[in-house]
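See structure below.
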Amino acid sequence: MTGTEPMMTHNTGKWTIDVSLQPGPYRVRAEALLRLEDGGEFVGVGLAHAGLRDGSISQVGSYLAVARALSDLTAELLETVASDVDAEVSRSIEVDEIFAVQSTN
């Protein structure tokens, strides 16, 4: 996470994903950056062996790194959703408890 994660809200705007590749001599690093309309960001990172430099499978390492970055991004989003749902349920329970106490008085 980047520290700018928003609470998930009702959004109908445009979200964009930028994927960048940083090839190295032995591995490829991919970063998937999701930008939300409200300025929030989520980041996923994936690594893979660079693989062969020549031939028909030279892109396999890049494809795998990108797939792993997108998977990591998915995990970040799901973690945020779970956290937001937990927070909402906690608020709901607290409100229900307040009403229960008030109705017994």
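The values are calculated or read from the model by the stated rules, or taken from the named source; none is laboratory data. All values reported here derive from a predicted model rather than from experimental measurement. Neighbour counts run over all protein chains shown; Cβ positions are idealised from the backbone, glycine included.
Taking only pairs six or more apart or across chains, which ones have beta-carbon atoms under 6 Å, a first residue in the range 31-50 that is free of Cβ contacts under 8 Å to residues at least 12 places away in the same chain, and a second residue that is buried (at least 18 other Cβ atoms within 10 Å of the Cβ) and assigned to a loop (DSSP other than H, G, I, E, B)? That search, which allows pairs on different chains as well, returns nothing. Here L47 does not qualify as part of a helix (DSSP H, G or I) and either under 12 Å from the mean Cα position of the chain (by Cα) or modelled with pLDDT of 95 or more (or both). Of all the listed residues (S92, S103), the sole one being surrounded by fewer than 10 Cβ atoms within 10 Å (Cβ to Cβ), in a helix (DSSP H, G or I), at pLDDT below 85 and not basic (K, R) is S103.
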